[in-house]
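What follows is a single structure, written as structure tokens, with notes after it.
The values are calculated or read from the model by the stated rules, or taken from the named source; none is laboratory data. None of the values given here were measured: they were computed from a predicted structure. Neighbour counts run over all protein chains shown; Cβ positions are idealised from the backbone, glycine included.
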């Protein structure tokens, strides 16, 4: 890889745009947004054979063959922002999904940890934030110790290697 420190900002932004276009072309991302969310959706859907919903589906991102609904959340951890807070969850009291599929990524986008978390557990551990009218859920290490949570880290790591 070239030394990016010596490239002008305009060239770095062009490179970033080209990388984002190529990821979309390859089906890794489905939008022009931050690639973490789309990458998390790809990892889970490939690992478990789930069908991804249209981007407009409210409350969930995928379904399995039995009709279970999965809300997929991904967080890339960095030295500048090590927060484990996933994107806000809307309408949580109405159970818009059955299982939260959460994955934490290393700064290099490699899978750090992943879990399947039943909606009831999410409801017990999420905090309502009035200013955004949604619930905050942090994917802390202790989540993996909660009864009913399934550690799927190795399955997602195997999937990332296959991409």
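Quick notes
- Options 30, 24: the member that is under 18 Å from residue 163 (Cβ atoms), over 12 Å from the mean Cα position of the chain (by Cα) and either touching a residue at least 12 places away in the same chain (Cβ under 8 Å) or in a strand (DSSP E or B) (or both): 30
Rundown of residues vs (1) farther than 16 Å from residue 40 by Cα; (2) in contact with a helix residue (DSSP H, G or I) (Cβ under 9 Å, 6 or more places away or on another chain), yes/no style:
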| site | (1), (2) |
| --- | --- |
| 54 | no, no |
| 57 | yes, no |
| 67 | yes, no |
| 79 | yes, no |
| 93 | yes, yes |
| 114 | no, yes |
| 146 | yes, yes |
| 159 | no, yes |
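- Of the residues making up segment 124-153, those that are under 21 Å from residue 63 (Cα atoms) and either surrounded by fewer than 15 Cβ atoms within 10 Å (Cβ to Cβ) or free of Cβ contacts under 8 Å to residues at least 60 places away in the same chain (or both) are 148, 149, 150, 151, 153.
- For the criterion of being touching a strand residue (DSSP E or B) at 6+ places or on another chain (Cβ under 9 Å) and either at pLDDT 90 or above or crowded, with 16+ Cβ neighbours inside 10 Å (or both), residue 43 passes.
- Residue match in segment 111-123 (condition: touching a residue at least 12 places away in the same chain (Cβ under 8 Å) and in a loop (DSSP other than H, G, I, E, B)): no
- Inside segment 3-16, residues that are farther than 17 Å from residue 39 by Cβ and surrounded by 10 or more Cβ atoms within 10 Å (Cβ to Cβ) make up a count of 6.
- For segment 41-59, the criterion of being in a loop (DSSP other than H, G, I, E, B), under 20 Å from residue 151 (Cβ atoms) and in the same structural domain as residue 157 (by TED's automatic domain parsing) is met by at least one residue.
- Options 55, 81: the member that is more than 16 Å from residue 156 (Cα to Cα), under 15 Å from the mean Cα position of the chain (by Cα) and surrounded by fewer than 13 Cβ atoms within 10 Å (Cβ to Cβ): 55
- Residue match in segment 77-90 (condition: at pLDDT 95 or above, assigned by TED's automatic domain parsing to the domain that holds residue 135 and in a helix (DSSP H, G or I)): no
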